[in-house]
Amino acid sequence: MMGFGQSPGDGTYTALDSALDTSPYSARPFIMIDQPAVYLKPGDRADVTATISIPSGTRDGGRYAIILVHPAAATSGAPTAFATAVAIPVFLTVKGGTATETGEISAIEPATVEPGQSFQVITTFSNTGNYHYYGAVNNVTILDEKGMVVATVRTEPLSRAIIPGQSVTFRNMIGTGLQQGNYLVTSRIEKQDGALLAEKMKTLQAGNPAPVRATPVPTTIPGFGALTALIGISIMLYGTLWSGKGGKGR
């Protein structure tokens, strides 16, 4: 028995060792295999029984595990009969519990692109609820600085379920390049029925930002205002003295 993991790239289910299986929604401790090891000759078949026992008090959401069928290590050095492991996903729903379907977008990339070049919008999404969901879809809309829509793209529904606590990356190709400038990217993760799971916005720069020109700052001569005031006072005093002496400008 293994824990339930998921590849971020395409959502492929992966088996986790017990040390890595730390999810509160793990069903690994609930499942017992009657034959942990089976020896088969060419053409043989064997029945293996998995017994599931849900502890009392287990509530809400789903529980997940993987039954991994793989070749045993060869002790003699001879090649094994088959080299491919088979991962059997186990999905359990707790009867009478509450299923919460929520999610979060943790990242949208890239931050900058080359003008006129096609690029991918990469959205990293995590299942923050307690239950899995199938058919998640990523919708991406790009607006220019005037608020006009310049691109809209949508992924095909994801064929695999997204498990609680796992993250998956969605990729949308923007085939038409953008003119130089600033843009706003809105990424939405929805269920197939259109129900919103998560939404996030991020600015996108096409090309290099416009250079910032420094504004000249007027230079002020220290003391110029005081000097002007002193000159004005001197002229006033001179005029007063001249008038007091009865001087005439003749």
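The values are calculated or read from the model by the stated rules, or taken from the named source; none is laboratory data. Note that this is a predicted model, so its numbers are computed, not measured. Glycine gets a Cβ as well: all are built from the backbone with ideal geometry, and neighbour counts include every protein chain shown.
A107 satisfies every condition listed in (1) touching a strand residue (DSSP E or B) at 6+ places or on another chain (Cβ under 7 Å); (2) free of Cβ contacts under 8 Å to residues at least 40 places away in the same chain; (3) not assigned by TED's automatic domain parsing to the domain that holds E199 except (3). Is it fair to say T152 is closer than 14 Å to T123 by Cα and assigned by TED's automatic domain parsing to the domain that holds A111? Spelling it out, it is not the case that T152 is closer than 14 Å to T123 by Cα and assigned by TED's automatic domain parsing to the domain that holds A111.
Yes or no, residue by residue, for (1) over 30 Å from A65 (Cβ atoms); (2) of a type in the set (A, V, I, L, M):
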position: I142; (1), (2): yes, yes
position: R154; (1), (2): yes, no
position: P157; (1), (2): no, no
position: I162; (1), (2): no, yes
position: V168; (1), (2): no, yes
position: G177; (1), (2): yes, no
position: Y183; (1), (2): yes, no
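Among residues of the range 135-158 being out of contact with any Leu (no Cβ under 7 Å at 6 or more places or on another chain) and without any contact (Cβ under 8 Å) to a residue 24 or more places away in the chain, the one that is surrounded by the most Cβ atoms within 10 Å (Cβ to Cβ) is T155. Residue-level check: of (1) modelled with pLDDT of 85 or more; (2) over 30 Å from Q205 (Cβ atoms); (3) of a type outside the set (A, V, I, L, M), P42 misses just (1). Quick one: how many residues across the range 88-124 are of a type outside the set (A, V, I, L, M, F, W, C), in a strand (DSSP E or B) and surrounded by fewer than 20 Cβ atoms within 10 Å (Cβ to Cβ)? Final tally of qualifying residues: 8. Applying a threshold of 9 Å to beta carbon distances and a minimum spacing of six or more residues, or different chains, the list of pairs starting in the range 47-66 at a residue that is farther than 18 Å from I88 by Cβ and free of Cβ contacts under 8 Å to residues at least 60 places away in the same chain and ending at one that is in a loop (DSSP other than H, G, I, E, B) and among the hydrophobic types (A, V, I, L, M, F, W, C) reads I54/A27; I54/V94; T58/V94; R59/V94.
A search for C-beta distances below 6 Å between a residue of the range 11-38 that is farther than 14 Å from L68 by Cα and any residue that is aliphatic (A, V, I, L, M) and in a loop (DSSP other than H, G, I, E, B), counting only pairs 6+ apart in sequence or on different chains, returns G11/L158; F30/I54. If the condition is being in a loop (DSSP other than H, G, I, E, B) and over 29 Å from A99 (Cβ atoms), then the range 125-150 contributes D144, E145, K146, G147, M148. Could you list, in sequence order, the residues of the range 130-171 that are of a type in the set (D, E, K, R) and more than 18 Å from K191 (Cα to Cα)? Hits for the range 130-171 are D144, E145, K146.
Residues in the range 24-41 that are of a type outside the set (V, I, T) and surrounded by 13 or more Cβ atoms within 10 Å (Cβ to Cβ): Y25, S26, A27, R28, P29, F30. Looking across the range 194-220, the residues that are in a loop (DSSP other than H, G, I, E, B) and either among the small types (G, A, S) or at pLDDT 90 or above (or both) come down to G194, A195, G207, A210, A214.
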